Amino acid sequence: MVRASITLVETSSQGHIALVFDANFHITDSTGKIVASTSDDVDASVAKIGGANKDRIITVAFSQDGSLFATCNNEKTVTIYNTADWTAVRSLIIAKRATAITFDPSGAYLLIADKFGEVHRTPT
């Protein structure tokens, strides 16, 4: 496996850990074993995550129950994944680059904040 500089780390209530490096990410279990990845440089036993970002990921978040995972990249693309099978369930382009994203407590909405202080709410 190729080593990469990790730029973001996020944990879920279900024990998943997201390790973000450039436009890719690994999902590990609580022991550090990679269980899913957007990278091609992983063992064949690791689940391949589709719908991956093409540009550097700048912010990520898990929903409170751990069932959803969202990314936002430098090109203003937000992708929401189902963590049961790591399929992309929604992808959208936002008007301004996000500085932070988080799910509301119910997981029904993703909140997207930008550097101008605006916060937008989008259904998951």
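Quick notes
- Comparison of ALA61, ALA47, ALA36 shows that the only residue that is small (Gly, Ala, Ser), more than 18 Å from SER5 (Cβ to Cβ) and open to solvent by 10 Å² or more (accessible area, probe 1.4 Å) is ALA47.
- Selected residue (criterion: most open to solvent (accessible area, probe 1.4 Å)) from residues of segment 1-21 that are small (Gly, Ala, Ser) and at pLDDT 90 or above: SER13
- Subset of segment 22-33 [among the β-branched types (Val, Ile, Thr) and either open to solvent by less than 10 Å² (accessible area, probe 1.4 Å) or at pLDDT 95 or above (or both)]: ILE27, THR28
- Considering segment 81-124, and only residues there that are among the hydroxyl-bearing types (Ser, Thr, Tyr) and closer than 18 Å to THR11 by Cβ, the residue that is least open to solvent (accessible area, probe 1.4 Å) turns out to be TYR81.
- Within segment 13-28, tally of residues that are touching a His at 6+ places or on another chain (Cβ under 7 Å) and either under 18 Å from ASN74 (Cα atoms) or in a loop (DSSP other than H, G, I, E, B) (or both): 1
The values are calculated or read from the model by the stated rules, or taken from the named source; none is laboratory data. Keep in mind that what you see is a predicted model, and the values were worked out from it rather than measured. Every residue, glycine among them, receives a Cβ derived from its backbone with ideal geometry; neighbour counts consider all protein chains shown. To get the accessible areas, we keep the full protein, side chains included, count just its heavy atoms, and leave off ligands, DNA and RNA. Shrake-Rupley method; radii C 1.70, N 1.55, O 1.52, S 1.80 Å.
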